[in-house]
Amino acid sequence: MAIVHQPTFRLNSLLFLAFIALAIYLGMTLPDRYPVHFGLSGEPTRWEERGPGMWILLVAVGAFSFGKLHLFQRFLLTDPDSTLLNVPHRDLFLNLPRERKIPVFRRMNRMLGILNTALLATYIGLLLLTWWSAHQPGGWPARFSFQALVAAVGFAVIFPLVELRVFSRMIRRKLREEGLLPPGDTPGAAPAGAPPTGAVRPDREE
């Protein structure tokens with residue numbers, strides 16, 4: 001089974017090309033002044049005279065952030081036996097057979113791909129917000145771009161938290177199926193009937 005999630009990897013490759021093409025087109029059609037800072041409501045709070053500096057910086061940061069995760073998805077999350085990654089119940093998880101670890105890594109790879117899609121959508125939304133705010137300050141396209149940007153950021157924050165819970169459940173289930181984790185137990189938990197940590201066991205009467 002291939003570990004790299006090809007649908008998200010290919011989609012992100014195409015979206016990145018679209019991001020670069022959009023950045024070039026929008027950058028060439030910017031007016032003399034464009035916003036470079038926004039308030040919490042999406043209204044511009046600082047403007048910049050037209051020039052390549054700030055726009056190129058924004059595109060470069062977006063490209064670097066995307067490229068790093070894109071390479072991680074392709075080359076880092078591909079080895080189920082790697083000890084470099086920190087996963088729930090890591091020590092026990094590394095003792096699982098390789099074929100039992102592959103589905104978990106494939107899901108992690110998919111998560112990274114979807115997260116990178118959200119990251120790219122965030123930068124695309126930021127480009128559109130800047131461009132529309134420069135052309136039509138306060139217009140509906142700028143407001144829509146800001147709402148889309150907020151939605152992408154929110155998804156990028158919530159989605160990994162949900163996936164981490166799913167990973168933890170998947171790993172616990174596989175550990176129990178392999179007999180590495182007794183049913184109902186979690187690594188590091190005290191055995192049933194054991195005194196709390198730090199408690200003094202009363203002496204047995206003679």
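Read-outs: derived from the displayed coordinates by stated rules, not from any lab. None of the values given here were measured: they were computed from a predicted structure. When we count neighbours, we look across all protein chains shown, and the Cβ atoms used for this are built from the backbone with ideal geometry, even at glycine.
Non-local amide H neighbours of residue 48 (under 5 Å, H modeled in plane, Pro and chain starts lacking H): which ones?
HN-HN under 5 Å from residue 48: 34, 36.
Sorted by mean Cβ packing within 10 Å, highest first, what order do the peptides 102-111, 54-63, 40-49 take?
Taking the mean over residues of other Cβ atoms within 10 Å, the ranking is 102-111, 54-63, 40-49.
Mind checking the dipole of the chain: about its Cα centre, +1 per Lys or Arg Cβ, -1 per Asp or Glu Cβ, Debye to the nearest 20?
That gives the chain a dipole magnitude of about 520 debye.
Would you please give the residues with an amide H less than 5 Å from that of residue 94, counting only those at least 5 places away or on a separate chain, with H modeled from the backbone geometry?
Long-range HN contacts for residue 94: none found.
In square nanometres, what is one fourth of the surface area of the convex hull spanned by the alpha carbons of segment 1-65?
6.0
Tell me, rounded to the nearest percent, the portion of alpha carbon pairs in segment 6-177 spaced more than 25 Å apart.
Value for segment 6-177: 43 percent of Cα pairs lie more than 25 Å apart.
How high is the relative contact order of the chain? Use alpha-carbon pairs under 8 Å, at least six apart in sequence, and give a whole percent.
25
I want to verify a result. In a Gaussian network model of the chain, Cα cutoff 10 Å, which of these has the top mean-square fluctuation: 162, 153, 87?
162
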